[in-house]
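Trainee: Got a structure here, written out as structure tokens. Questions coming.
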Amino acid sequence: MAKQYDVLFRLLLLGDSGVGKTCLLCRFTDNAFHPSHISTIGVDFKMKTLEIDGIKVRIQIWDTAGQERYQTITKQYYRRAQGIFLVYDITSERSFQHIMKWASDVDEYAPEKVQKVLIGNKSDEEHKRQVATEQGNKLAKAYGMDFFETSAFTNHNITESFTRLAELVLQANKKDLDLLRVSINDQLDLSALEEEAGVCDGSSNAQKTCWC
Amino acid sequence: MDQSVAIQETLDVGENCLIAVQCLLLLRNGTESRLLGLVECSKEHALFLFSHRRMAITGNDVTLQEIIPISYDFSVVEVSSPDELAVVGADTRVRVTFLNEEMELKLPFGSHTRLFLTEVNRAWCDVCEQYPSSPKFAWLNKYQKNFKEPGSLTPSATRKIKKRDRSNTAHKENKHATSSTETIRGESLHESSQGREKAEIRNELVRSSQHTVSNKAQMLTMPQFGLRDNLVKCELLKKEETYTYIENFNFFLGTYNVNGQTPKESLHTWLGSTAQPPDLYCVGFQELDLSKEAFFFNDTPKEQEWMKAVSDGLHPDAKYALIKLVRLVGIMLLFYVKKEHAEYISDVEAETVGTGIMGRMGNKGAVAVSFRFHNSDICVVNSHLAAHIEEYERRNQDYKDICSRMFFRQLDLTLPPLTIMKHSIVLWVGDLNYRLSDLEVDEVKNLILKGDFETLHNHDQLKRQMDEEAVFVGFMEGEINFQPTYKYDTGSDEWDSSEKCRVPAWCDRILWRGKNITQLNYQSHMNVRNSDHKPVSSLLKIGIKVVNEEIYKRTFEDIVRSLDKLENECIPSVSLAQHVFHFSNVKFMQHQAQTLTLYNDGQVPCQFEFIQKLDEPAYCKPWLTANPPKGFVAQGASVDIDLEVFVNRSTAPELNSGQQQLEDILVLHLERGKDYFISITGSYLPSCFGSPIHMLCQLREPIQDMPLETIHKLNSLPRETSSPDTEKALDIPKEIWMMVDHLYRNASKQEDIFQQPGLRSEFEEIRDCLDTGSLDTLPGSNHSVAEALLLFLDALPEPVIPYSMYQQCLDCCYSNSQCKQIISLLPQCHKNVFNYLTAFLRELLKNSAHNRLDSNILATIFAALMLRSPTKQDILEKRKAKEFFQHFLVQESH
């Protein structure tokens, strides 16, 4: 029997207010859908355990406030993420256009190795569609991201997109993983590794502030 | 205070008390206060338990009572007493166990206790990671000596640990047996007893996995080793029935006392006697070799000979694989399975227990194999118990010894070793040596001739002892329809014809314990004549739990999902009554507060704290405070946090000028949980307080009558330029004039003017009057107006003598003319204010008989406000500033 070990990492959901980030998260972790819109005011998270290539992966998924007034604060969470979902609403041209801004923020604030996936949510609302699938595809291609159209309402592509991002993160960290797999048999915390690396730059960690 | 200091004083060099906690030791008749310290020495850890007087400050205050080495045999678990409701915020009750001893302690609620337990846990995890190498605890030996001094312990110390008895039978006699002289037990670490301790932990785990959500949550949040995996295992075990089904397999069990003989004939008639080939074979031998060599060196050629004989004698219609052979002197057990079943056999472990001479040697005793077949755990025991007709109690004792001393290592070393009885199926074969009581040899032979086995069986010692539940409790045996298998003349079917002429007996038996077992056949084999015993066989049909892989996978995933769900439910969470707070019409030095109510709507108690945002020096802007900024909310409880806004002289200027707004976002962080954003907004009413002199000179109207944009624009104008508007600027701010004029007219003779504080409420009226022009004369007492004037000067963003000229003023403070010279260089409006104020002060000094002022007092007060340092002032600077100012208080000659 192979010794079990865990990998823990963080995924972040970003996008305009109302595109359905919280619903994506609820659908994925609790398999539930709550149609009423209550804005997330803060940063929420949930845990989920997946098995990818026989590796037990525990992911912490962070759901952020999308409202503009909070963006200066939510940016500070980016650096702790290993994977990021950029989410827009296919029925909102505006939310799609804002993806560029979100993406540039990610480039600025997230770690270099961060993996990204583009999500066009609310694919069930075809009659209200403002953003063609092709547009999403094109944008994703331009940024070198994977792209999914999802529906938290009908549970379309939810598991697929989360699993995909988790796989990407695993691949991107494969080197660290393989190294550690040999020597360590208990929990491997990628997020902890990131933080240790962060200590070296010294600037931001001077104060004892906890964002977790 | 940190009581580890006191403990540290009692320790040797190289020993460190890492952390200490005061606790209550639970005794049978109450509690006693103790000090518990975690002591480290060269990477080994032990818990030291001290009695203490008062709050322990020095080493003299504590007396060592007990040392518990943190070894593999150590455990500490949180327990919730069944008769107490789990109260959030209640003391933490823990059970500390070491080998056979345990004690219960109550630790005070709080983070310190958590920290303590975490440290202890970490120490224990370290030990586990080192396994199988174990700590030696040599450094504890010196303490052991101390304990041996009689009377060094209080009587209560002997009561506190109750011995847990091993056999679960002898409760009474043990109660007084524990003396604290045996309190160090570091040596016997890997003795058999470790199994029990680990079993406790597991039981604890199983029990708590059925506990309330919050209990589980606490476990999940504890940084404990592999806890999640254990929970998954427990849940899988609980749901085993859903993903397994019962399938029957035939087990062939055999036992044969070969009396030291070598195999001379085929065993096929015994082992191959079933119609169909059995699925598994478990074949036990006794007295394989009676030689001294076998006894002393446990080495015998007979092992190979008999193994070969067995292999050759198995049912010919199937292929078998030998899975395990285990032997102790003459007791041997062979375990075969049909080839196709081999892949479903796992976790095979073999052990032996000697119960012979000195209770240890291998001439008597048992060998056993523990294994898993599909999802069932099975233990097969082959034993040879004590001989002689009258020794049945000795046989009972051998059985008990075997049960209590046989431990099987588990693959997962963090799990406790298994005992025989922990297996869901136990198959027991052997020469159990029970005889027939109360019958003469002739009577026995007669009954056998008549085939009256029933009567005979009633005299069987094993049956009688089992009926009395003295031995083999819970075991079954099939009906015996064969004549006794002992004792024959070797090579024949004739009863023992030797001098001893033994009474025949059913020495050789096969028993089982467990569910879904039916015996298909139980017989002896008369035509095997190799020994003075006859071999016995039993064919059992056993229902084995076979896993349905698909359902198993689904169940596993369900469990993982439900654990995730549980974990998510247990993330600390609160609800906020409001996310947005607006403070309207905030005024200078006016306190406004609103209440933020946190309600803990989660499943666990939580700790909250407002945390700093990146690149900001504090968790909030300087005009805002949250009180309390951190704290604790119990589950289902709520806490009120006061959000207070107060604009003082340091924050007012930027708010007046529009460079800053009353806007902030607070980040409320829950430990291990979410973050909440709380928006604070507000409107600030600009005030003359905190506005620059040159700007106020441009305002002919009260400041609050002006449009905000105008104020902001005027603020941004450089000091020297006059208003672009044609209107001429005022010489001095009208607000200064109003206050000074008011004082000049009303307070010149006021006793203790500028020395007595005003009233806060009156200040607010004066401020409003100045900012809105609502009244023609200033309200409030003279003292309040005087104080308002001082506050006004204090709040000026640029003092009357600008910061840039501060040093110059100090440098020339001894020269009257140079001082005057500097003042002439001030910007016009500043110069006006300075001259106006000093003139007023000189007027006041004329009335010093009434107002009791002198130039010394006034210079001290006003120099500090008008000649302010851009940085912190030292005493010398203060003196110089006063000196400077005093030149201007001298009455000029007219």
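Trainee: Looking at region B:515-552, which of its residues are among the small types (Gly, Ala, Ser) and either at pLDDT below 95 or more than 54 Å from the chain's Cα centre (by Cα) (or both)?
Mentor: Initially, region B:515-552 is screened for residues among the small types (Gly, Ala, Ser), giving B:524, B:531, B:537-538, B:543.
Of everything in region B:515-552, those that are among the small types (Gly, Ala, Ser) and either at pLDDT below 95 or more than 54 Å from the chain's Cα centre (by Cα) (or both) turn out to be B:SER524, B:SER531.
Trainee: Moving on. Given the options B:ARG502, B:ARG513, B:ARG561, B:ARG529, name the one that is out of contact with any helix residue (DSSP H, G or I) (no Cβ under 7 Å at 6 or more places or on another chain), within 14 Å of another protein chain (Cβ to nearest Cβ) and surrounded by 15 or more Cβ atoms within 10 Å (Cβ to Cβ). Show your work before the answer.
Mentor: Values: B:ARG502 fails: within 14 Å of another protein chain (Cβ to nearest Cβ); B:ARG513 fails: within 14 Å of another protein chain (Cβ to nearest Cβ); B:ARG529 fails: within 14 Å of another protein chain (Cβ to nearest Cβ).
Criteria check complete, one pass: B:ARG561.
Trainee: Restricted to region B:420-458, and to residues that are in a loop (DSSP other than H, G, I, E, B) and of a type in the set (A, V, I, L, M), which residue is surrounded by the fewest Cβ atoms within 10 Å (Cβ to Cβ)?
Mentor: The residue in question is B:LEU439.
Trainee: Given the structure, is A:SER95 at pLDDT 90 or above, part of a loop (DSSP other than H, G, I, E, B) and surrounded by 15 or more Cβ atoms within 10 Å (Cβ to Cβ)?
Mentor: no
Trainee: I need a count of the residues in region B:459-480 that are touching a Ser or Thr at 6+ places or on another chain (Cβ under 6 Å) and in a loop (DSSP other than H, G, I, E, B). Please lay out each step first, then the result.
Mentor: Within region B:459-480, the subset touching a Ser or Thr at 6+ places or on another chain (Cβ under 6 Å) is B:459, B:461.
Okay, now just the ones that are also in a loop (DSSP other than H, G, I, E, B), so B:459.
Total meeting the criteria: 1.
Trainee: If you don't mind, another one. Only residues that are among the aromatic types (Phe, Trp, Tyr) and at pLDDT below 90: list them for region B:553-582, please.
Mentor: B:PHE556 - this is the single residue of region B:553-582 that is among the aromatic types (Phe, Trp, Tyr) and at pLDDT below 90.
Trainee: Going through region B:1-23 one residue at a time, which ones are more than 21 Å from the chain's Cα centre (by Cα), among the hydrophobic types (A, V, I, L, M, F, W, C) and not in a loop (DSSP other than H, G, I, E, B)?
Mentor: B:VAL5, B:ALA6, B:ILE7 - these are the residues of region B:1-23 that are more than 21 Å from the chain's Cα centre (by Cα), among the hydrophobic types (A, V, I, L, M, F, W, C) and not in a loop (DSSP other than H, G, I, E, B).
Trainee: Condition test on B:LEU18, is it modelled with pLDDT under 85 and surrounded by fewer than 21 Cβ atoms within 10 Å (Cβ to Cβ)?
Mentor: no
Trainee: Tell me which residues, restricted to region A:46-55, are at the interface with chain B (Cβ under 7 Å from one of its Cβ atoms) and free of Cβ contacts under 8 Å to residues at least 24 places away in the same chain.
Mentor: Of everything in region A:46-55, those that are at the interface with chain B (Cβ under 7 Å from one of its Cβ atoms) and free of Cβ contacts under 8 Å to residues at least 24 places away in the same chain turn out to be A:LYS46, A:MET47, A:THR49.
Trainee: Does B:ASN548 qualify as being away from every other protein chain (no Cβ under 14 Å) and touching a Leu at 6+ places or on another chain (Cβ under 8 Å)? Outline the logic, then answer.
Mentor: Details: away from every other protein chain (no Cβ under 14 Å): yes; touching a Leu at 6+ places or on another chain (Cβ under 8 Å): no.
Answer is no for this residue.
Trainee: Could I ask something else about it? Is it the case, given these coordinates, that B:SER869 is of a type in the set (Gly, Ala, Ser) and part of a loop (DSSP other than H, G, I, E, B)?
Mentor: yes
Trainee: Tell me, which residue of region A:14-42 that is assigned to a strand (DSSP E or B) and in contact (Cβ under 8 Å) with a residue 60 or more places away in the chain is nearest to the other protein chains (Cβ to nearest Cβ)?
Mentor: Applying the filter and picking the extreme gives A:LEU14.
Trainee: For region B:345-396, enumerate the residues that are farther than 25 Å from B:LYS515 by Cβ and small (Gly, Ala, Ser).
Mentor: B:GLY354, B:GLY356, B:GLY359, B:GLY362, B:GLY365, B:ALA386, B:ALA387
Trainee: Restricting to region B:549-577, name every residue that is assigned to a loop (DSSP other than H, G, I, E, B) and either of a type in the set (Val, Ile, Thr) or without any contact (Cβ under 8 Å) to a residue 60 or more places away in the chain (or both).
Mentor: B:ILE571, B:VAL574, B:ALA577
Trainee: Which residue pairs have Cβ atoms closer than 7 Å, lie 6 or more positions apart in sequence or on different chains, and pair a first residue in region B:291-315 that is buried (at least 21 other Cβ atoms within 10 Å of the Cβ) with a second residue that is small (Gly, Ala, Ser)?
Mentor: Matching pairs, first to second residue: B:ALA294/B:GLY330; B:THR300/B:ALA294; B:GLY313/B:SER266; B:GLY313/B:GLY272; B:LEU314/B:GLY272.
Trainee: Can you spot a residue in region A:74-81 that is modelled with pLDDT of 90 or more, buried (at least 19 other Cβ atoms within 10 Å of the Cβ), small (Gly, Ala, Ser) and not in a helix (DSSP H, G or I)?
Mentor: Yes, region A:74-81 contains at least one residue that is modelled with pLDDT of 90 or more, buried (at least 19 other Cβ atoms within 10 Å of the Cβ), small (Gly, Ala, Ser) and not in a helix (DSSP H, G or I).
Trainee: When region A:59-74 is examined, which residues are found to be touching a helix residue (DSSP H, G or I) at 6+ places or on another chain (Cβ under 7 Å) and either among the aliphatic types (A, V, I, L, M) or within 8 Å of chain B (Cβ to nearest Cβ) (or both)?
Mentor: Result: A:ILE59, A:ILE61, A:ALA65.
Trainee: Working only within region B:622-641, note down all residues that are closer than 26 Å to A:GLN76 by Cα and either within 14 Å of chain A (Cβ to nearest Cβ) or not in a loop (DSSP other than H, G, I, E, B) (or both).
Mentor: Of everything in region B:622-641, those that are closer than 26 Å to A:GLN76 by Cα and either within 14 Å of chain A (Cβ to nearest Cβ) or not in a loop (DSSP other than H, G, I, E, B) (or both) turn out to be B:LEU624, B:THR625, B:ALA626, B:ASN627, B:PRO629, B:LYS630, B:GLY631, B:PHE632, B:ILE641.
Trainee: Of everything in region B:643-689, what is touching a helix residue (DSSP H, G or I) at 6+ places or on another chain (Cβ under 9 Å), assigned to a strand (DSSP E or B), facing chain A (nearest Cβ under 9 Å) and not hydrophobic (A, V, I, L, M, F, W, C)? Give them in sequence order.
Mentor: Residues satisfying the conditions are B:ASP675, B:SER679.
Trainee: Does any residue of region B:227-239 turn out to be part of a loop (DSSP other than H, G, I, E, B), surrounded by 15 or more Cβ atoms within 10 Å (Cβ to Cβ) and modelled with pLDDT of 90 or more?
Mentor: No: zero hits.
Trainee: With the condition kept exactly as written, say whether any residue in region B:52-69 is crowded, with 22+ Cβ neighbours inside 10 Å and either out of contact with any strand residue (DSSP E or B) (no Cβ under 8 Å at 6 or more places or on another chain) or of a type in the set (Asp, Glu) (or both).
Mentor: Yes, that holds for at least one residue.
Trainee: Given B:PHE677, B:PHE689, B:PHE646, which one is at negative phi and not assigned by TED's automatic domain parsing to the domain that holds B:GLN594? Break it down stepwise before answering.
Mentor: Numbers: B:PHE677 fails: not assigned by TED's automatic domain parsing to the domain that holds B:GLN594; B:PHE646 fails: not assigned by TED's automatic domain parsing to the domain that holds B:GLN594.
None of the others qualify; the one that does is B:PHE689.
Yes/no per residue for (1) outside the structural domain of B:ILE861 (by TED's automatic domain parsing); (2) within 24 Å of B:LYS587 (Cβ to Cβ):
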position	(1), (2)
B:PRO702	yes, yes
B:THR710	yes, yes
B:SER716	yes, yes
B:LEU770	no, yes
B:ASP776	no, yes
B:LEU796	no, yes
B:TYR803	no, no
B:GLN808	no, no
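Trainee: Kindly evaluate B:ILE753 against the criterion of being within 25 Å of B:ASN648 (Cβ to Cβ) and either at pLDDT 90 or above or assigned by TED's automatic domain parsing to the domain that holds B:LEU858 (or both).
Mentor: Yes: the conditions hold for B:ILE753.
Trainee: Another question about this same structure. What are the residues in region B:24-66 that are part of a loop (DSSP other than H, G, I, E, B) and of a type in the set (Gly, Ala, Ser), if any?
Mentor: Within region B:24-66, B:SER42, B:ALA56 qualify.
The values are calculated or read from the model by the stated rules, or taken from the named source; none is laboratory data. Since the model is a prediction, treat every value here as computed from it, not as a measurement. Neighbour counts run over all protein chains shown; Cβ positions are idealised from the backbone, glycine included.
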